[in-house]
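Nothing in this text is a laboratory measurement; each read-out follows from the coordinates by a stated rule. Everything numeric here is computed off the predicted structure, so don't read it as measured data. Positions of Cβ are backbone-derived with ideal geometry, glycine not excepted, and every protein chain shown enters the neighbour counts.
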Amino acid sequence: MTPSSPASGRLPRAGRRVLVAVAAATLLVLGLGLAPAAAETHDYGVTLKVAKKKELAGLKTYSWGVSHAAIDKAVDRQIVEAIERELTAVGLTKVTQGSGDALVSYHTIVRRDVDSKKETPKDGVPGYLVGVIGIEVRGASTKDVLFNVRVDKPIEVDRSQLGPAVDRAVKAMFEHYPHPPAP
């Protein structure tokens, strides 16, 4: 009995090569078949990552921490104003000197998503812009993340309508903020 004989329970060397090639081809076909499906499934909307209700209920004041602000100063101002409006609505007061009970920061990015089923004009850029805003509220003393939420949304508005779109996006994120029960 030789090590490569069928009686030893192992495939001959040529048989192993064929088996490996078939397995690799199968995985490649499966991967190529799933890739377009994965590429087409974009998750847009609000994603809540952390909401510690008990700790949030004890917060009364906030101050701004380090943010990755929007490059466009007008958009930055719109985002900050929208966040401050929503923080006030949940009962927090902004501290202008020193540190509040919470440190608030926001982060933005703009990315380009591509729909492979949509034809791009010859001189056009494929895809569409998607705006992402993330908001984080940390305990000032512990630095623990108490509230972390983000929104991913295609930017389908004229520049003049960007302010109201930002307001709606921030409002949608704060709908996930745990509100204290009414007395």
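Numbers below:
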item	result
Inter-label distance, nm, simple model (7 Å from Cα along the C-beta direction), VAL132/ILE109	0.3 nm
Straight-distance crosslink candidates among lysines, where the alpha carbon sits under 29 Å from LYS73 and sequence neighbours closer than 8 are dropped	LYS49, LYS60, LYS94, LYS143, LYS153, LYS171
Table column - 3J(HN,Hα) (Hz), the stretch 94-110, Karplus curve with 6.51, -1.76, 1.60, x for Gly and Pro	6, 9, 9, 10, x, 10, x, 5, 10, 10, 10, 9, 9, 9, 9, 8, 10
Length released on extending from GLU156 to LYS117, taking residue separation times 0.36 nm less the Cα-Cα span	12.2 nm
Amide hydrogen neighbours beyond the local backbone of GLY127, cut-off 5 Å, H modeled	ASP115
The stretch 55-183, relative contact order [Cα under 8 Å, separation at least 6], %	26 percent
All aspartates and glutamates inside 16 Å of LYS53 as judged from Cα atoms, apart from same-chain residues fewer than 8 positions distant	ASP101, GLU136, ASP144, GLU175
Shape call, the stretch 60-157: gyration tensor on alpha carbons, a/c limit 1.5	prolate
